[in-house]
Ligand SMILES: *Cc1c(COP(=O)(O)O)cnc(C)c1O
């Protein structure tokens, strides 16, 4: 299996290279040259596997054995999921009263869906780098969950340093503390002031750093944000696992409702379906930022000003992974994608023609969920389902499913992905439940971070680039070149 770029400007690369680089050198996103498909009999045989065994079956065809042999892949997967507090990794529960299925993706070390893929991705990077005796500097921008997940996964790894950047005041205190109380010598969270466009301002700085090829090489820069192929790949597994738990028989069409930000999770759902999993609809549930909803509803990808909402982890203006999906809609024509990406970079808007719009609608539903509906949904589920507490993102998924009920067949099962633990958003729980704080509003991991000593570093957006470069230079252990 090899990897090409959505922009078509590179020689096919291996899994190792795709994962270590993040972005392809031509500025595109890596994609596998083919999507392996499982037969019904193969799916049947996978249905009762543990999460880790299932992950091994699904990942194996994408990772050449000479890059990670079977034995090592098994160890890497075991290590990556060892810190999860549920043996099932992503357990599924049924809220009888409402007849809905919830798949909980928040049992990892930082209590969000980002833990699902981050552990494996960073362990893989460390595995490859240690073998080559090289080092990487990982820079990432976070809306609140990627940062803590990366910080926990990277802590103590000798081959890498990690700079999680967050817009100061725009993530919850709980999320901030998960990074700033960690005190790992190789993890350097920075709160950035003056980000009027939230995380997109930080992505802009990172994009500039990465665009300078010389500096990128000198500083050994890479990224673990959701453009990294390793993230998308590992996120396909929870679709399989969830499907097998919910299906009465293999072949039953089942849908998923997904709170969508950068389109990484949905992109993984798209791949799971392409691998043969009988997913009927992927429901793209957005908040008031709604960029993706406009794509599906109006065939329009437009960059708008950011609105801060209660579901802050999906406050995103540019859904990066959308290009991957578009590549397949455009029959794998990189020329088309290059045109679209360049047009979007210039004008902040693309209008899709009628044939593409038709394809966009196949197997996808979309909706927007307001803050008000998010709060009402948290309250309704709590009151009617025996005190079950959703976080605002899980609530967006559940409300999204309700909004789209008309578009679904009678009796069609839909699995709502709950992507964060409610303890990460206590003030929203309070708001929704008028001051009540049920047991599920607490989590020992979050309580621990609350009590810890905080090491805070902050910086002005205008000075971030220079400050980062200086900091990274100071941390380099294996300068590859004489810099003089
Ligand atoms: C990142 C995140 C999402 C969105 O996932 P994407 O892959 O960016 O679409 C949803 N919910 C939570 C809690 C997240 O942290």
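The values are calculated or read from the model by the stated rules, or taken from the named source; none is laboratory data. All values reported here derive from a predicted model rather than from experimental measurement. Note that each Cβ is placed from the backbone with ideal geometry, even for glycine, and that neighbours are counted across all protein chains shown.
Tell me the helices (runs of 4 or more DSSP H) entirely within the range 304-415 that contain at least 1 residues that are within 16 Å of the ligand (Cβ to nearest atom). Where helices (runs of 4 or more DSSP H) fall fully within the range 304-415 and carry at least 1 residues being within 16 Å of the ligand (Cβ to nearest atom), they are 322-329, 371-384, 392-403.
Whether any residue in the range 138-154 is more than 17 Å from residue 113 (Cβ to Cβ), away from the ligand (no atom under 16 Å from the Cβ) and surrounded by fewer than 24 Cβ atoms within 10 Å (Cβ to Cβ) is what I want to check. No, because not a single residue in the range 138-154 is more than 17 Å from residue 113 (Cβ to Cβ), away from the ligand (no atom under 16 Å from the Cβ) and surrounded by fewer than 24 Cβ atoms within 10 Å (Cβ to Cβ). On the stretch given as the range 61-91, residues that are closer than 30 Å to residue 382 by Cβ, touching a residue at least 60 places away in the same chain (Cβ under 8 Å) and surrounded by 19 or more Cβ atoms within 10 Å (Cβ to Cβ) total 2.
Scanning the range 207-224 for residues that are in contact with a helix residue (DSSP H, G or I) (Cβ under 9 Å, 6 or more places away or on another chain) and either closer than 15 Å to residue 134 by Cα or part of a helix (DSSP H, G or I) (or both) gives 208, 209, 210, 215, 216, 218, 219, 220, 221, 222. Could you tell me which of the residues 292, 300 is within 13 Å of the ligand (Cβ to nearest atom), touching a helix residue (DSSP H, G or I) at 6+ places or on another chain (Cβ under 8 Å) and within 23 Å of residue 342 (Cα to Cα)? The conditions single out 292. Going by the conditions given, is residue 162 away from the ligand (no atom under 16 Å from the Cβ), buried (at least 20 other Cβ atoms within 10 Å of the Cβ) and in a loop (DSSP other than H, G, I, E, B)? For residue 162, the condition - away from the ligand (no atom under 16 Å from the Cβ), buried (at least 20 other Cβ atoms within 10 Å of the Cβ) and in a loop (DSSP other than H, G, I, E, B) - is not met.
For the condition under 27 Å from residue 108 (Cα atoms), modelled with pLDDT of 95 or more and surrounded by fewer than 24 Cβ atoms within 10 Å (Cβ to Cβ), what is the one hit in 246, 268, 260? Residue meeting the stated conditions: 246. Restricting the search to the range 452-471, which residues are out of contact with any helix residue (DSSP H, G or I) (no Cβ under 9 Å at 6 or more places or on another chain) and either surrounded by 14 or more Cβ atoms within 10 Å (Cβ to Cβ) or without any contact (Cβ under 8 Å) to a residue 12 or more places away in the chain (or both)? If the condition is that a residue be out of contact with any helix residue (DSSP H, G or I) (no Cβ under 9 Å at 6 or more places or on another chain) and either surrounded by 14 or more Cβ atoms within 10 Å (Cβ to Cβ) or without any contact (Cβ under 8 Å) to a residue 12 or more places away in the chain (or both), then 463, 466, 467, 470, 471 are the ones that fit.
Taken over the range 186-218, the criterion of being at pLDDT 95 or above and more than 21 Å from the chain's Cα centre (by Cα) is satisfied by 186, 192, 193, 194. Considering the range 262-276, the residues that are within 18 Å of residue 312 (Cα to Cα) and not in a helix (DSSP H, G or I) include one that is nearest to the ligand (Cβ to nearest atom), namely 262. Looking only at residues in the range 98-126 that are in a strand (DSSP E or B) and away from the ligand (no atom under 15 Å from the Cβ), which one is nearest to residue 229 (Cα to Cα)? Per the criteria, the residue is 101.
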